[in-house]
Amino acid sequence: MTTFSTPCLAFAVVLLAGFAGGRSVQAAGDARISASAEFFERNVRTVLEKHCVGCHGPEKRKGKLTLHDIGRDFGDDASVQLWERVLEQLEIHEMPPADEPQPGAGSREQVIAWIKDGLTAAGRGYEVNSKLLLPEYGNRVSHELLFNGQITELPYSPSRLWRISPEIYKGRKLQPNVAGGLEAVPLGYSTKNSGIRDFASQEIVGEAEFLSLMTAFEDMITSQLHDRTVLKGKAGKTTEVVSGKATFKAITEASGPPARAAMEAVVTEEFFRTMGRAILPDELKRFTGFMAANIQHAGKDSGLKLGVMAIYLSPEAIYRMELGLGVPDEHGRRMLSPQELAYALSYAISDLPPMQNKVIREALENGKLSTRQDIEKVVRQMIAEDKKGKDGNRRARRFFDQFFEHPKLDGVFKDGARMRGVTGNRATLGSVQKNIAAILQEDRNVVAELLASKRFNMDGGELLKELAEEHAAKLKTLPPEKHAAEERDYEKKLKERAKKLVTEDYRAGILTDPSWLRAFSKCTENDPVHRGKWIQERLLAGSIPAVPIGVDAQIPDNHDKTLRERYAKTEQAECWKCHKLMNPLGMAFESFDDLGRFRTGLHFDTARKVFIDEQPDQIKNLAKAGKLETRPVDATGELRGSGDPALDGPVKDALDLVQRLGKSPRVRQSIIRHAFRFYMGRNEMLSDSKTLIAAERAYVGSGGSFKEVIISFLTSDSFLYRK
């Protein structure tokens, strides 16, 4: 039988390797950009004079910045700060402005790479390169170069340690019996709660995280040493006994010194549960000896805890080790070993260790994880198995949850009185996730379906049909004597539901679903800036700079003006250079309120001179008193940068916008870029161009199958090779 084993190398060396693969300069045609005077004059100054000096020169000093006299000196702080400003503007495509002639993608990358080399020589290399590892900086890699085929460098990923994710911890089931409470997850994510979260460069274990793990593991182990009595139910008036773990109790409740066999049973079971592989003889001897020594000195309970914790806190238990221990190639890359691949593939698709996955386990035992053809066969089998059952496509569904961020709706406070008559957050979230699951199961034109499908409209007839199916299923589980009561309950629910149900035709895709609209709203009003920012960054692969220090980003709280009128403040010159990228996109959703309700008018109380909320009783009373004025909703906007000139231009409302986005090639590519980050655990580099182009080709060639994108990623050089 094949055993799983991953050696633990020096942590510091591998962690530093995570910063090594930051960029490729193949677009410039050189192995490395030279800082020579000749290169500067021929390549860098040429771009600056042609595209920048007109606005930043001796005659016109826009933003109090001049570039006609800039030199190649990085020897003083003033020069370094100036080049840092230039670098950011070039990376986020703010310089030159969009309405001015642009340098070619290769020329722009030459200048960017040259500046980075200069900053590295000036001692700023760590700061520059480490930024590119952060999720929020992923879009700074040139979108054009990633997809235009100009990059010829072969893909790879840096050798790395990747901290075990909370979902993988859940899959280990360190607490098999959680009756009376929730299953504990010992550690959360380090990255901010937005977008793709599980990045290898960010998910590391420092002192604070290690102490947190120790505390969590101690609590988890302690709760299983003996049977315990817990309160039951919301009122806590009854109790139940939760059994301790049998193997633990064989030690903690032994009448005398515990048997060696009992300790070996605990070590063997917990090692397999944690590492996902069978324990080796020398490991069994070492961990059992450690446990025995601690039991002798500290007692059975404490000794057992220390012995189990030694397993839980070992490096292999905390980190996924992807060092590249396979065969090296002539390009300096090393393929992942079959054992490394077993873990990488299993976690990429299922969150489960490979020994719990029959397909991957058998492939490893039969030597079928060495060639790309064998790996593709295994991946296809694993995905086919993963799609089965109600929990199918778990990882793919998690990607889209993190990408669209609709689960964040619970974090936006909404007053209970305003929510009366509105579908609650839980049901709203369940509805959109059900649609995502259905789209992934169908696996055709996934991007267009997610962004523009009419299935996101509420269909009264479909909902009544679902209620009938639930009723029929429940009847099958009840004894005959309870059928009459269930029928009465069903009839009551049917009448109540029928009064509230409507059939909509004004929604299309997730961005018009109440879940997304609430997630990107404020407490009592819409949030066009963050909606537009999300579209710009997630769908159009753009970058929005941070709000400058000292800028008052507050919008006037004038209740006698519409939201669009209040946001006129952002059209001032110093604000509009950023807000022009967001507002025209976000304002298109004004046809919905902050709760996600469709509206055709804005209600104005003429007596109090204020706009009022969509409360039917209040509106009815004001109309009856002659104090209500209904003003039209202005939901117009503009789409730019879709990658197709036929799609760009003014949009009349959200429906128009999302239907165009669903047809955009750039939107498709941007979603593929984010999927790359999810499955690779890092931002893309220019050297990943071949991987991304292949993934898009697989998507288009399969009629829009997201499954084919995953297969393309998991059989790519970016996934298989380390350097």
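None of the figures in this text is laboratory data; all of them are computed from the coordinates on show. On a predicted model such as this, the values are computed, not experimentally measured, just so you know. A quick note on method: Cβ atoms are made from the backbone with ideal geometry, for glycine too, and the neighbour counts reach across all protein chains shown.
Site pair residue 493 and residue 99 shows an inter-label distance of 5.8 nm when each label is modelled 7 Å from Cα along Cα→Cβ. If the label point is 7 Å along Cα→Cβ of residue 37, which residues in segment 50-90 have backbone nitrogen under 13 Å from it? The answer is 72-73.
Just to be sure I understand the rule: take each whole DSSP H helix in the chain, project its Cα atoms onto its long axis, keep it if the span is 20 Å or more and its mean Kyte-Doolittle hydropathy is at least 0.5. Which ones pass?
Sorted by number, the helices that extend far enough and score high enough are 207-222.
Dipole check for segment 504-660: with +1 at the C-beta of Lys and Arg, -1 at the C-beta of Asp and Glu, and the Cα centre as origin, the magnitude is about 160 Debye. Using 0.36 nm per residue and subtracting the Cα-Cα separation, the extra length available between residue 73 and residue 572 on full extension is 176.1 nm. For the chain, the 222 nm mean residue ellipticity estimated from helices alone, with every DSSP H stretch of n ≥ 4 adding -39500 (n - 2.57) and the total spread over all residues, rounds to -13500 deg cm²/dmol.
Got a sec? Which residues in segment 546-562 would a label at residue 523 touch, if it sits 7 Å along Cα→Cβ and we count backbone N under 17 Å? So the set is 554-559. Using equal-weight Cα scatterers in the Debye expression, the normalised intensity of the chain in log10 at q = 0.08, 0.09, 0.11, 0.12 Å⁻¹ is -0.79, -0.98, -1.32, -1.43. For the chain, a crude dipole built from +1 on the beta carbon of Lys and Arg and -1 on the beta carbon of Asp and Glu, taken about the Cα centre, is about 1480 debye to the nearest 20.
Positive end of the dipole of segment 163-320 (Cβ unit charges, origin at the Cα centre): among 241, 216, 262, the Cα lying farthest that way belongs to 241.
Summarising the overall dimensions of segment 561-633 from its C-alpha atoms, the Rg and Dmax are 14.8, 46 angstrom.
Taking the Cα centre as origin and putting +1 on Lys and Arg beta-carbons and -1 on Asp and Glu beta-carbons, what dipole magnitude results for segment 163-320, to the nearest 20 debye?
On the way: 20 positive and 18 negative charges, 75 e Å.
Value, rounded to 20: 360 debye.
Given a Förster distance of 60 Å, report the FRET efficiency between residue 261 and residue 46 from their Cβ-Cβ distance, rounded to the nearest 0.05. It comes to 0.20. Legend: calculated FRET efficiency, residue 62 to residue 631, from the Cβ-Cβ distance at R0 = 25 Å, rounded to 0.05, equals 0.05.
Look at the dipole of the chain built from charges on Cβ: of 582, 700, 145, the Cα furthest out on the positive end belongs to 700. With a simple spin-label model that places each label point 7 Å from the Cα along the Cα-to-Cβ direction, the separation between residue 458 and residue 230 comes to 3.6 nm.
Name the residue farthest towards the positive end of the dipole of segment 486-556 from the options 530, 515, 544, assuming +1 on Cβ of Lys and Arg, -1 on Cβ of Asp and Glu, about the Cα centre. Looking along the dipole axis, the top candidate is 515. Please give the residues of segment 571-587, grouped as numeric ranges, whose backbone N is less than 18 Å from a label point set 7 Å along the Cα-to-Cβ vector of residue 648. The answer is 577-586, whose backbone nitrogens lie closer than 18 Å to the label point.
Once fully extended, how much extra length lies between residue 618 and residue 218, figured as 0.36 nm per residue of separation less the alpha-carbon to alpha-carbon distance?
138.4 nm is the gain from fully extending residue 618 to residue 218.
With an 8 Å Cα cut-off and a minimum separation of 6 or more residues, compute the relative contact order for segment 23-131 in percent. Mind showing how you got there, number by number?
On the way: 91 pairs, mean separation 38.1, N = 109.
It rounds to 35 percent for segment 23-131.
A Förster distance of 30 Å, applied to the separation of the beta-carbon atoms of residue 253 and residue 293, puts the FRET efficiency at 0.90.
Quick check: residue separation of residue 302 and residue 474 times 0.36 nm, minus the Cα distance between them. What number comes out in nm?
Contour length minus the Cα-Cα distance gives 57.2 nm.
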